[in-house]
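One structure is given below, encoded as structure tokens.
Just so it is clear, none of the values below were taken in a lab; they were calculated from the coordinates. A quick note: this is a predicted structure, and the numbers were derived from the prediction, not measured. Virtual Cβ from ideal backbone geometry, glycine too; neighbours counted across all protein chains shown.
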């Protein structure tokens, strides 16, 4: 008897490897993938503008990286004691406008440089709802925002992007990115996180529009692919025991399941094998010894230092400098 739908995911025809450079952008679920790849020593850059949910914000940010946009005081507004940008997450907000601008421009420069020779862009879309500035924002009425920064609700109009609007946004940013770096490949996912504040029905409408838009793009262009993170949680796991206490965010078990499927279908076999060796080192790095002065722990550190040095010599694209320093310092 079957108790779970079969998740038959077609492997990528051009799987991801350790030599690839990967830019990840989008919703909070992007960072589940990105943090895992980062810990396993992939060369990544994730969410240079911070977490972004809707296609308009994601596409605007991607285009700004190709243009290496420079932000000025005109791009900031002052609220709740800090300077903010409508195009950035609140982690870029700061009481000093110059510091805020420096962080924004440094992040854009980093993304611009990274994209020049990146191999993959992984885009995770979270919601079709776009928030746009209302009449109160003089001179910027109708402009979309990436983050509301706890501004009063009357400052915004809420808009559900139509499928053709999202397709146009994705199509435009795709062409600009390909002109900037012709070798780029794209992997789309739709976040399984439910945006329940929009309402259950509205959330499903929102996700449906994202799915249709993404598949339109994947079917239209070569080098664009889809990974079914959304379907793995909603249709395969489909049980509230795989959600956090808020019943909205997938829990550790669910995200681990999705990441396992991601590795199995999107990463090449040699890289998957190497990932297991890297994971062992990272687990050892987090080990907390009760008695660090003992011979047993010193042998543990020395053995792992030797293993790290061997792996760095064999795989020069892996960066274990921090781990090597840790194992060497304790021995």
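Side notes on the structure shown:
- Label sites at residue 269 and residue 181, each approximated as a point 7 angstrom past Cα along Cα to Cβ, lie 2.9 nm apart.
- C-alpha long axis of helix 55-67 to longest principal axis of the chain, angle in °: 70 degrees
- Fraction in percent of alpha-carbon pairs per bin - 10 Å, the range 287-331: 29, 50, 18, 3
- With Cα atoms as the point set, the range 27-156 shows a radius of gyration and Dmax of 15.0, 47 Å.
- Between the range 47-82 and the range 256-307, the C-alpha centres lie 36 angstrom from each other.
- Max-minus-min Cα coordinates of the range 189-331 on each principal axis give 61, 40, 21 Å, with the largest extent listed first.
- From the C-alpha gyration tensor of the range 121-179, square roots of 5λ in Å: 25, 13, 11
- Chain lengthening between residue 219 and residue 303 when straightened (0.36 nm per residue, less Cα-Cα): 25.3 nm
- CD proxy at 222 nm, helix term only [per DSSP H run n ≥ 4: -39500 (n - 2.57); per residue of the chain; nearest 500]: -14500 deg cm²/dmol
- Estimated at 0.36 nm per residue, the fully extended path between residue 205 and residue 96 surpasses their Cα-Cα distance by 35.2 nm.
- DSSP beta bridges confined to the chain are antiparallel in about 40 percent of cases.
- Against the chain, whose longest principal axis comes from its Cα atoms, helix 269-285 is set at around 80 degrees.
- The chain - convex hull of the alpha-carbon atoms, volume per residue in Å³: 181 Å³
- Rounded to the nearest 0.05, the FRET efficiency derived from the C-beta distance between residue 244 and residue 321 at R0 = 51 Å is 0.90.
- The long axis of helix 200-220 is offset from the longest Cα principal axis of the chain by roughly 80 degrees.
- Anisotropy class of the range 102-147 from Cα gyration tensor, a/c 1.5 cut: oblate
- Along principal axes, Cα extents of the range 79-230, largest first, whole Å: 46, 41, 27
- Distance histogram for the range 1-64 (every C-alpha pair counted, 10 angstrom bins, percent rounded to whole numbers): 18, 36, 33, 11, 2, 0
- Here the range 140-262 is treated as an ellipsoid with the same Cα gyration tensor; its semi-axes, largest first and in whole Å, are 26, 24, 13.
- Model label sites at residue 38 and residue 116, defined 7 Å from Cα along the beta-carbon direction, differ in position by 2.3 nm.
- A crude spin-label estimate for the pair residue 196 and residue 148, with each label 7 Å from Cα along the Cβ direction, gives 1.7 nm.
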